[in-house]
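Everything on this sheet refers to the single structure shown next.
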């Protein structure tokens, strides 16, 4: 089976700060770079961070009656990895938009989620599902 890799390019204002956040804190391996951009292996996907003005967002998304930033990006991770990352970010005192939360317990689509911003204001969500087969189920 072919594995498809998602590519996302977003703007940041400081590549060294991006390296510290995405590389050191989130654990992404750095790839190619120039003086104006850096690539990361972001949990198996290509994240390209370019110098420029970050995303403009508004809290127009609704997650359990909490307004979350739109647009945002993120990943669906296996639960053990999601928990490890949630613990790491909690220990780092990340200011969560939505702290690590268990939603829809015992229901179809039972999931775990948290939202936060990178140092440049780019919103990120990490999710996991109690049953990964539920990711695309209605």
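Within the range 7-51, the proportion of C-alpha pairs whose separation exceeds 15 Å stands at 28%. Compactness of the chain is given as radius of gyration and Dmax, 15.3, 49 Å, from Cα positions.
Between the helical axis of 79-91 and the longest alpha-carbon principal axis of the chain there is an angle of about 60 degrees. Stretched out straight at 0.36 nm per residue, the stretch from residue 105 to residue 91 would grow longer than its current Cα-Cα span by 2.5 nm.
Once the Cα-Cα distance is subtracted from the 0.36 nm per residue extended length, the residue 34 to residue 80 segment shows a gain of 13.1 nm. Remark: spin-label model distance residue 45-residue 25 equals 1.9 nm, labels positioned 7 Å along the Cα→Cβ axis. Here the peptides 128-136, 111-119 are ranked by packing, the mean other Cβ count within 10 Å, and the order with the highest first is 111-119, 128-136. Estimated from the Cβ-Cβ distance and a Förster radius of 35 angstrom, the FRET efficiency linking residue 59 and residue 133 is about 0.70.
Here, each number is a calculation from the coordinates, and none is a lab measurement. Bear in mind that the values here come from a model prediction, so they are computed numbers and not experimental data. Here the Cβ is made from the backbone with ideal geometry for all residues, glycine too, and neighbour counts use every protein chain on show.
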